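Undergrad: Following this message is one structure expressed as structure tokens.
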Amino acid sequence: MTDALQIKSRPGTDAQPEPASPVRPKESAARRRTRSVLKHTGLIAVCLLMLYPVLWMAASSLRPKDGIFSNFGLFVDTFNLDNYPNGWDALGTPFGTYLLNSFLVVLGSVIGNLISCSMAAYAFARLRFRSRKVAFMIMLLTIMLPIHVLIIPQYVMFAQIGWINTYLPLIVPKFLATDAFFIFLMVQFIRGIPKELDEAARIDGAGHGRIFTQIMLPLMIPALATTAIFTFLWTWNDFFSQLVFVTEPDKYTVPVALRSFLDATTTSDYGAMFAMSIVSLVPVFLVFLFGQRFLLRGIATTGGK
């Protein structure tokens, strides 16, 4: 030990003492608290900026008709609840009819996507058949096709079989696995499930039907919930397809009915339209509120595979 110290202390030796690593001063608690307050204040400001149109619409639904566009603030001077009963019956048909029509279309679309997309995803993820990769690639390419390219041939086809002015063009395609995004989402989820579960079930004599219904579906609940939530939101807010295929006013859905409040030839009732817009947002808010945890789980478990 002494010899080693003498060697290190001799002049001309190559041994150099290692520089001490710089010690960073610890951040004070006050500084961390200040940074956290500033960060949360910025996030709240951005959220309020994004929610301002919705908040202004909610405030405008409580204002008189002549005071809607004269005040762009969120404070309501005079409450006018007449917009809600007037808007409910403004179109000649109770607005509840349009809500019921939208619920019918949404329910059929959700069920169709859950059944068809899950079966197609299982086929792409677990079955081995000829041209599987080519079919999967073609399926992904359909995501890039805009609805405006498909709407004309779809309208011609549905008109020839007499489906115009019915909800069949909006519901039946969902049972044919036409939403490639949800198929891809479920394929990514199924690929993360160990194949040993399939092999163990196959040893016990289970076929693909039993493996799919008793093993895959219970494990796919996050992906299925994500599909159901997105299908609900997209179908509930769909305006273009429902406007093209549904022509009778009694069969209008919520987006088309809200557009009927605006008239280019006469005076538009913006107060009633804003009131019914708030009513139509309630189901969307409830679905997102109760399905948020499933939505986050589904996206988190499929995005990294």
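Undergrad: Helix-only estimate, please: 222 nm mean residue ellipticity of the chain, summing -39500 (n - 2.57) across DSSP H runs of length 4 or more and dividing by its residues, to the nearest 500.
TA: Numbers: 14 runs with 192 residues, N = 305.
That comes out to -20000 deg cm²/dmol.
Undergrad: What dipole magnitude, in Debye to the nearest 20, does the range 31-80 give about its Cα centre under +1 on Lys/Arg Cβ and -1 on Asp/Glu Cβ?
TA: On the way: 7 positive and 2 negative charges, 130 e Å.
Result for the range 31-80 is approximately 620 debye, rounded to the nearest 20.
Undergrad: Each residue of the range 135-141 in turn: what ³J(HN,Hα) in whole Hz from Karplus with 6.51, -1.76, 1.60 and θ = phi - 60°, glycine and Pro shown as x?
TA: These are the phi-based 3J(HN,Hα) values: 5, 5, 5, 5, 4, 5, 5 Hz.
Undergrad: Still on this structure, I have one more. Could you work out how far helix 147-160 tilts from the main Cα principal axis of the chain, as a 0 to 90 degree angle to the nearest 10?
TA: Taking Cα atoms only, the helix is inclined about 40 degrees.
Undergrad: Once you have the Cα-Cα distance between Val46 and Thr93, take 0.36 nm times their residue separation minus that, and quote the gain in nm to one decimal. List each step's numbers first, then the result.
TA: Values: separation 47, 0.36 × 47 = 16.92 nm, distance 3.92 nm.
Answer, rounded to one decimal: 13.0 nm.
Undergrad: For the chain, build the charge dipole from Cβ charges (+1 Lys, Arg; -1 Asp, Glu) around the Cα centre, then report which of Gly42, Met157, Val244 sits farthest towards its positive end.
TA: Farthest towards the positive pole: Gly42.
Undergrad: Let me ask something else about it. What does the convex hull of the Cα atoms of the chain come to per residue, in Å³, rounded to a whole number? The partial results should precede the final answer.
TA: Working: hull volume 97.8 nm³, N = 305.
Each residue corresponds to 321 Å³ of Cα convex hull volume.
Undergrad: Right, something else. Peptides 111-119, 172-180, 49-57: what's the order by average Cβ count within 10 Å, highest mean first? Provide the component values of the computation, followed by the final result.
TA: On the way: 111-119: 20.2, 172-180: 18.1, 49-57: 11.9.
Put in order of decreasing packing, that is 111-119, 172-180, 49-57.
Undergrad: If you average 1/r across every pair of different Cα atoms in the range 104-246 and take the reciprocal, what Kirkwood value do you get, in Å?
TA: On the way: mean 1/r = 0.0608 Å⁻¹.
One over the average 1/r among Cα pairs gives 16.4 Å for the range 104-246.
Undergrad: Quick one: Cα centre-to-centre distance for the range 114-131 and the range 26-61, in angstrom?
TA: So the two Cα centres are separated by 44 Å.
Undergrad: Rounded to whole Hz and in sequence order, give me ³J(HN,Hα) for the range 182-197 from the Karplus expression 6.51 cos²θ - 1.76 cosθ + 1.60, θ = phi - 60°, writing x for Gly and Pro.
TA: Residue by residue, the range 182-197 yields 6, 5, 4, 4, 6, 4, 4, 6, 5, 4, x, 7, x, 6, 4, 5 Hz.
Undergrad: Then there is this: Tell me the relative contact order for the chain as a rounded percent, counting alpha carbon contacts under 8 Å between residues six or more apart. Mind dumping the intermediate values first?
TA: Numbers: 267 pairs, mean separation 81.6, N = 305.
Worked out over the chain, it gives 27 percent.
Undergrad: Can you check what the Kirkwood hydrodynamic radius comes to for the range 108-162, Cα pairs only, in Å to one decimal? The partial results should precede the final answer.
TA: On the way: mean 1/r = 0.0740 Å⁻¹.
13.5 Å is the Kirkwood radius here.
Undergrad: Mind jotting down the three principal axis lengths of the range 51-170 based on Cα atoms? Whole angstrom, largest first.
TA: Each principal axis gives a Cα extent; for the range 51-170 these are 69, 35, 25 Å.
Undergrad: Also: Would you mind counting up the charge near Leu91? Only other residues with Cβ under 13 Å from its Cβ, with Lys and Arg at +1 and Asp and Glu at -1. If you can, show how the numbers build up before the last one.
TA: Details: positive: Lys251, Arg259; negative: Asp89, Glu248, Asp250, Asp263, Asp269.
Overall, the nearby charge balance is -3.
Undergrad: Run a plain Debye calculation on the range 31-80 (Cα atoms as equal point scatterers, no solvent) and give log10 I(q)/I(0) at q = 0.14, 0.19, 0.29, 0.30 Å⁻¹, rounded to two decimals, same order as the q list.
TA: -0.48, -0.64, -1.00, -1.04
None of the figures in this text is laboratory data; all of them are computed from the coordinates on show. Computed from a prediction, not measured in an experiment: that's the story for all the values here. Note that we place each Cβ from the backbone using ideal geometry, even for glycine, and neighbour counts take in every protein chain shown.
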